[in-house]
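Worksheet for the structure shown next.
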Amino acid sequence: MNKSELISHIAEKAQLTKKVAGTVLKTIIDGVHKTLKQSGEMRIAGLGTFRVIKRKARKGFNPQTKAKMTIPAMKTPGFRPAKALKEAAKGGTMKSDRKK
């Protein structure tokens, strides 16, 4: 599924126009970006945890020239899936898919 398919899915499930669904998705993505910049972690139940991972400086080499170099410390985004997401990926049912 790509972004436009996700927007169509949101529009259909929430009975919204695609334009409104696109705005909703953009707002969610912007919220994740802003939260990671400010606090470094965002948890969404049933989906998982987005967080900033701090990597230490380390030694490496340029694969073309074989020259040794130091790779600087950096921050990178990370994601740890929730149990429900792991189960869905395995082919299990999600809570929202089960009959009540």
Name the single residue that is farthest from the chain's Cα centre (by Cα) among those in the stretch 53-89 being of a type in the set (A, V, I, L, M) and farther than 28 Å from ILE29 by Cα.
ALA67
Residues (modelled with pLDDT of 95 or more and part of a loop (DSSP other than H, G, I, E, B)) located in the stretch 48-63:
LYS56, ALA57
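Answer with yes or no whether SER8 is under 17 Å from the mean Cα position of the chain (by Cα) and hydroxyl-bearing (Ser, Thr, Tyr).
Numbers: under 17 Å from the mean Cα position of the chain (by Cα): no; hydroxyl-bearing (Ser, Thr, Tyr): yes.
The answer is no for SER8.
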Quickly run through the stretch 25-70 and pick out the residues that are among the polar types (S, T, N, Q), loosely packed, with under 11 Cβ neighbours inside 10 Å and closer than 25 Å to ILE10 by Cα.
THR27
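Could you list, in sequence order, all residues of the stretch 4-16 that are more than 23 Å from LYS86 (Cβ to Cβ) and either aromatic (Phe, Trp, Tyr) or surrounded by 10 or more Cβ atoms within 10 Å (Cβ to Cβ) (or both)?
Within the stretch 4-16, the subset more than 23 Å from LYS86 (Cβ to Cβ) is 4, 7-8, 11-12, 14-16.
Those that are more than 23 Å from LYS86 (Cβ to Cβ) and either aromatic (Phe, Trp, Tyr) or surrounded by 10 or more Cβ atoms within 10 Å (Cβ to Cβ) (or both): SER4, ILE7, SER8, ALA11, GLU12, ALA14, LEU16.
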Do you know which of the residues in the stretch 3-44 that are of a type in the set (Val, Ile, Thr) and not in a helix (DSSP H, G or I) is modelled with the highest pLDDT?
THR17
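The values are calculated or read from the model by the stated rules, or taken from the named source; none is laboratory data. The structure displayed is predicted, hence computed values, not measured ones. Every residue, glycine as well, gets a Cβ built from its backbone with ideal geometry; the counts of neighbours run over all protein chains shown.
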